[in-house]
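The values are calculated or read from the model by the stated rules, or taken from the named source; none is laboratory data. Remember, predicted model here, so these are calculated numbers, not experimental data. Reconstructed Cβ throughout: ideal geometry from the backbone, glycine too, with neighbour counts over all protein chains shown. Note: accessible area is taken over every heavy atom of the protein model, side chains too, but ligands, DNA and RNA are not part of it. Shrake-Rupley method; radii C 1.70, N 1.55, O 1.52, S 1.80 Å.
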There are 2 protein chains.
Amino acid sequence: MYGLMQDHPLLISSLIRHAAANHGGREVVSRLVDGSIHRTNYATIELRARRLAHALTSRGIRLGDRIATLAWNTHRHVECFYGVSGMGAVLHTVNPRLFHEQIEYIIRHAEDRILFFDADLLPIVESIAPQIGCVEHFVVLCERAQVPKSELLQLAAYEDWIAAAGEDYAWPQFDERTASSLCYTSGTTGNPKGVLYSHRSTLIHALAASQRDGFALSSLDSVMPIAPLFHANGWSLPYACPMVGAKMVLPGNRMDAASLYELISGERVSFSVGVPTIWTMLLAYTGEKGLQLDALERCLVAGTALPPAVQKALKDLHGVTAIHAWGMTETSPIGTLSTPTPEVLALPEDQREAELLKQGRVPYGAEIQVRDAEGRVAPKDGQTFGPLWIRGPWIASGYFKGEGGKVLDADGWFPTGDVATWDELGFMKITDRTKDVIKSGGEWISSIDVENAAMSHPKVALAAAVAAFHPKWDERPVLVIVPKDGQELSRDELLEFLAPKMAKWWLPDDVVFVREMPMTATGKILKAKLREQYWHRLE
Amino acid sequence: MYGLMQDHPLLISSLIRHAAANHGGREVVSRLVDGSIHRTNYATIELRARRLAHALTSRGIRLGDRIATLAWNTHRHVECFYGVSGMGAVLHTVNPRLFHEQIEYIIRHAEDRILFFDADLLPIVESIAPQIGCVEHFVVLCERAQVPKSELLQLAAYEDWIAAAGEDYAWPQFDERTASSLCYTSGTTGNPKGVLYSHRSTLIHALAASQRDGFALSSLDSVMPIAPLFHANGWSLPYACPMVGAKMVLPGNRMDAASLYELISGERVSFSVGVPTIWTMLLAYTGEKGLQLDALERCLVAGTALPPAVQKALKDLHGVTAIHAWGMTETSPIGTLSTPTPEVLALPEDQREAELLKQGRVPYGAEIQVRDAEGRVAPKDGQTFGPLWIRGPWIASGYFKGEGGKVLDADGWFPTGDVATWDELGFMKITDRTKDVIKSGGEWISSIDVENAAMSHPKVALAAAVAAFHPKWDERPVLVIVPKDGQELSRDELLEFLAPKMAKWWLPDDVVFVREMPMTATGKILKAKLREQYWHRLE
């Protein structure tokens, strides 16, 4: 027997309709790629997104067609989130920082029919244009007068498309399980794989992520997503902000401290999301200039572990609570959040701080499991580490076009590729990536813990701990180090420094000094390459 | 094309599973009907709810069967919320304060197969037992030793059922549109009608209601539902608290100020929900005893309009923010909430306070419309009043067994039966019930506004403004007054008092003084009866 409740599919268009009807005048402030500041509001964004949907429909775009964006955080990108998904097409957000071959690959793989891009990214688009024959229209996110010259391509102006499309378009209704957006993972091995979100997963995720123990979003907030909108749904903010009627502040492509600070201060930003390096940079800037982070109350930090000193400086110097989070493209992206529970607040101060530096606990909707080497659920002891699995309505079940094959286990759990511990308070801590962990004599060594210890040496610029083959122990750690410019550092000096910081059997068997590390386009060390290179180092 | 995200139905059992796994030790404190305090936690509640589900299954209860509760706010009632709905049966919460004939009617109408009830309610159960042959088991929510004697009925102890059922029961998975619970409206006319909630509507509602601009629920909260769990899903708290891991404090059947205060103070209650009279009573009690409402931060007030003096006293004397809300059984129940937006905070103080005394704005998910006399959408001017309509995934589409026929209009809107205004800030204010509004010469007079003005006279105990037939104006207001004990009040004295408080044409044409009002079982004035009685008063 069914309930007798109204049947409204959870559609992305309902978010911007809600914002326009109830928070129509709330500002959305953007820094455009020319550096100028642009102001609009939700009522206007809804209208323009509707015109965009109309423009797409009239060009033959249908439910399920893929439309790419190669764009920074601006109001026009937000309009694409609603115009494209709202009409039933799939918004494919492409990361402009990928290698050109990767961008080409994923646009071809997605079979994108239209590419919207910011004017400063024309060189990328021109360089791959001959290879992406699937794209029928190249549309620059600007006014006609700002469209750059191109010998190669016929470029349309986004504003011309919007102006030409009529307002007589009603958001269509369709199944909430319909695909809404597509984001490729930038793996360190193999080709990128596409995660295909649905309207349903996006909305349940936005509702769960914005709860008080999550982003705690309110209509009184001014929210700046520093994390790019093209990363994993922009940490849900393009959806969650209109949902609660929060002001949005979009920093465009200016990621320098002065530009970001100007917006944080001028637009009274109360909540922001970014990787730890952004916060380190802003702390250095405000420290140097003697400035305060003004209205900022809390920030969400993810991507890599938050250094304790950064968390402390944000709190002590600026009154900003840093919330640690963990997630990935495949998890929409929120997996866990380090907001306190009564049990955490009851801990002595140093334990409490350590607990809140972990990646945190699941909101309602997500379930996690840490498993041990035998595949059993690991004890919640904060010590035992093993592969992390996750499950829930906003977690991927597979990849676009079946890439990577069957992904989930028999009980529907997704393997995150991370190695973690969890404790009796429910807090999870990432200790490594599955493929990077070093298996020594049947026991596991966290490469990340070894690297973090090495990175705390004042002469170390970069550190990578990788497994090398060992005849007795199977694998033993080798440490690869890039010293800071002009610094001399010896193997023995470093090992002596590390000895008191870890179990004796975790100490690297060798240290290699190099000038530079092999890196991915998104700034991660290519540890797979190092491992290949040093695999026979200890023989 | 569908998204490639995991398929997890939104089921009520997932809430208690989440709470047990992530907030297993969080307390649930109850005052039992014998006055004693009982402590348990979410891990135990989940286990016992699973045993209850097992007990029901082994007695042949199947998906869609109705199971009634006649019970106060205790942990056992919460267990029924999960055990019954979690196994796929329908939890029918019956209001013990209804007239016995109404209770009998709705249990027969629902065809309840089992009745769980609190021991003190045995007299009601015995009085209707001969008429409710559908009920196969009468189960008292207590230990075996506490089961009261009954000549008439064979009574089982809830604790015996729980103890006998094994733990080897896994929560079943089924369609999220499956009916989960049933609550009858206590209309002032006609038979009660059943609202049939679904798992999906209940979960989307809980996610939306607990947002920061709603209940703002956190795992750090200690939440006391003073509003009964049998009213409209207990204002979602039996679902929303486990969802975020908030502590629950359940006051049982002791609604006196001393008992409630003891729990608010002793259990550090930070959030509570109740009707205005509860808060008036608690303010009087704390004032008299020189007490503070301690940890209480915010309270949700609904049912009827919150007197400004109560809102002010809560804030000024106790630092408690009163959030005004509007809803009804058919709306799960949240329709609107009076949490501030930036535009409201920017108003001068007196306007801001007036704005926050309105019933408020919709959270994401709900849509409202005020329509004018011609059925067009009324202007958002805060003046024009007309019927209020509502739409959304947690709003009823009809009533159980088709009672009341087709309810929604062609565009899927539900007629609330309320008359309201809305303003440009999105805030809605209830001005009357559709059936009580007085239509004078084509214009509408709010009976509630006239009554509130009369109630502000120091000698008035109760006031009701009803329409009487008028040969020229069709209808004109007649005011029915119960003076306070021992007070003398004349017609002219009252009309003079009212004159400066309303438009001249709103002034009642006559005043009738009576000893008592006809009332419903839930304490509402039966205005339909008064209208019938005084319809020819002005001829």
- Task: Past 30 Å, Cα to Cα, is the threshold; run A:Lys315/B:Lys358; B:Lys358/B:Lys472; B:Lys501/B:Lys527; A:Lys406/A:Lys504 against it and keep the listed order.
- Result: A:Lys315/B:Lys358; B:Lys358/B:Lys472; A:Lys406/A:Lys504
- Note on the structure: Expressed as a whole number, the average count of other chain Cβ atoms within 10 Å around the Cβ atoms of B:209-218 is 6
- Message: Once ligands and nucleic acids are excluded and a 1.4 Å probe is used, how much of A:Asp474 is accessible, expressed in Å² to the nearest 10?
- Response: 90
- Got a number for the accessible area of A:Leu526? Probe 1.4 Å, square angstrom, nearest 10. 40
- Pop the C-beta distance of B:Ala309 and B:Tyr2 into the FRET formula with R0 = 60 Å and round what comes out to the nearest 0.05. 0.60
- Task: Write down the percent of antiparallel bridges among all DSSP beta bridges whose residues are both part of the protein assembly as shown, to the nearest 5.
- Result: 55
- Task: Apply 1/(1 + (r/R0)^6) to the Cβ-Cβ distance of A:Glu516 and A:Phe174, taking R0 = 51 Å, and write down the FRET efficiency to the nearest 0.05.
- Result: 0.55
- Item | segment B:323-404: C-alpha gyration tensor shape, a/c 1.5 cut-off, then a/b vs b/c | oblate
- Message: Contact order normalised by length for chain B, with contacts defined as Cα pairs under 8 Å and 6 or more residues apart; what percent is it?
- Response: 10
- Task: Report the charge-dipole magnitude of segment B:438-534 in Debye, nearest 20, computed about the Cα centre from +1 at each Lys and Arg Cβ and -1 at each Asp and Glu Cβ.
- Result: 220
- Task: Give me the percent of Cα-Cα pairs in the protein assembly as shown that sit more than 41 Å apart, rounded to a whole number.
- Result: 47
- Message: Ignoring everything except DSSP H segments at least 4 long, calculate the 222 nm mean residue ellipticity for chain B; use -39,500 (n - 2.57) per segment, divide by total residues, nearest 500.
- Response: -8500 deg cm²/dmol
- Task: Write down the radius of gyration of chain A and its Dmax, each obtained from C-alpha positions, in Å.
- Result: 23.8, 75
- Query: Using just the C-alpha positions of segment A:301-341 as equal point scatterers, what log10 of I(q)/I(0) does the Debye formula give at each q in 0.14, 0.20, 0.34 1/Å?
  - Reply: -0.35, -0.64, -1.12
- Item | Accessible surface of segment B:1-159, 1.4 Å probe, proportion on carbon and sulfur as whole % | 50
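If you stretched the chain out fully between B:Gln383 and B:Phe469, how much longer would it get, using 0.36 nm times the residue separation minus the C-alpha to C-alpha distance?
Result: 28.4 nm gained on full extension.
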- Note on the structure: Restricting to aspartates and glutamates and to Cα separations under 19 Å from B:Lys439, and discarding same-chain partners fewer than 8 apart, the set is B:Asp372, B:Glu374, B:Asp418, B:Asp449, B:Glu451, B:Asp474, B:Glu475, B:Asp509, B:Asp510, B:Glu532, B:Glu539
- With a sphere of radius 14 Å drawn around the Cβ of B:Tyr184, what net charge do the other residues whose Cβ falls strictly inside it have (Lys, Arg +1; Asp, Glu -1)? -1
- Message: With the crude spin-label approximation of a point 7 Å out along Cα→Cβ, what separation in nm comes out for A:Ala119 versus A:Ser259?
- Response: 1.4
- Message: Using only the alpha carbons of segment A:449-513, what is the convex hull's orientation-averaged projected area in square nanometres?
- Response: 4.1
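For segment B:96-156, which GluC sites (Glu not before Pro) are in a loop by DSSP, counting at most 16 other Cβ atoms within 10 Å?
Values: sites: B:Glu101, B:Glu104, B:Glu111, B:Glu126, B:Glu136, B:Glu143, B:Glu151; in loops: B:Glu111, B:Glu136, B:Glu143, B:Glu151.
Filter output for segment B:96-156: B:Glu111, B:Glu136, B:Glu143, B:Glu151.
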- Task: In nm to one decimal, list the spacings between the B:Glu111 label point and its equivalents in the other copies, with label points set 7 Å along Cα to Cβ, shortest first.
- Result: 5.0
- Query: How big is the antiparallel share of DSSP beta bridges in chain A, given as a percent to the nearest 5?
  - Reply: 55
- Query: Accessible area of A:His457, 1.4 Å probe, to the nearest 10 Å²?
  - Reply: 10
- Mean per-residue count of partner chain Cβ within 10 Å for A:391-402 equals 3
- Relative contact order of segment A:438-534: what whole-number percent is it, with Cα pairs under 8 angstrom and at least 6 residues apart? 27
- With Cβ to Cβ distances under 14 Å as the rule, what net charge do the other residues near B:Arg50 carry (K, R +1; D, E -1)? -1
- Item | Residue-averaged beta-carbon neighbours from other chains (10 angstrom radius) around B:139-152 | 0
- At B:Val377, with labels set 7 Å past Cα in the Cβ direction, how many nm apart are the copies from this one, shortest first? 4.9
- Task: Quick one: dipole size for the protein assembly as shown, taken about the Cα centre, charges +1 on Lys/Arg Cβ and -1 on Asp/Glu Cβ, in debye to the nearest 20.
- Result: 740
- Task: With a 1.4 Å probe and every protein chain kept in, tell me what percent of the accessible surface of segment B:438-534 is carbon plus sulfur.
- Result: 50
- Item | Largest-first ordering by accessible area, 1.4 Å probe, given options A:Met519, B:Met224 | A:Met519, B:Met224
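Leaving out ligands and nucleic acids, and using a 1.4 Å probe, what accessible area per residue does the protein assembly as shown come to in Å²?
37
Starting from the Cα gyration tensor of segment A:6-74, multiply each eigenvalue by 5, take the square root, and state the resulting semi-axes largest first in whole Å.
Taking √(5λ) for each Cα gyration eigenvalue gives 23, 20, 10 Å.
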- Query: Is segment A:91-185 rounded, prolate or oblate when judged by the Cα gyration tensor, a ≥ b ≥ c being the square roots of its eigenvalues, rounded requiring a/c under 1.5 and prolate requiring a/b larger than b/c?
  - Reply: oblate
- At each listed q (0.11 Å⁻¹), what is the log10 of I(q)/I(0) that the Debye formula gives for segment B:378-450 modelled as equal alpha-carbon point scatterers? -0.33
- Task: Find the sum over both chains of the accessible area lost when B and A are paired, probe 1.4 Å, and report it in Å² to the nearest 100.
- Result: 6000
- Note on the structure: For A:Glu374 and A:Trp505, extending 7 Å from Cα along the Cα-Cβ vector and measuring point to point gives, in nm, a value of 1.8
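Can you order the peptides B:65-73, B:305-313 by their average number of other Cβ atoms within 10 Å per residue, highest first? Could the numbers behind the result be given before it?
Details: B:65-73: 25.3, B:305-313: 17.0.
Those peptides, ordered most packed to least, come out B:65-73, B:305-313.
Which order do the peptides B:114-120, B:172-178 come out in when sorted by mean C-beta neighbours inside 10 angstrom, highest first?
Ranking, from highest mean packing down: B:114-120, B:172-178.
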- Item | Efficiency of FRET between A:Lys484 and A:Tyr285 - r from beta-carbon atoms, R0 25 angstrom, step 0.05 | 0.75
- Summed side-chain charge close to A:Leu306 - residues other than A:Leu306 whose Cβ falls under 14 Å, Lys, Arg +1, Asp, Glu -1: +3
- Task: Towards the positive end of the charge dipole of the protein assembly as shown, with charges on Cβ (+1 Lys, Arg; -1 Asp, Glu), say which of B:Gln146, B:Phe230, A:Tyr197 has the farthest Cα.
- Result: A:Tyr197
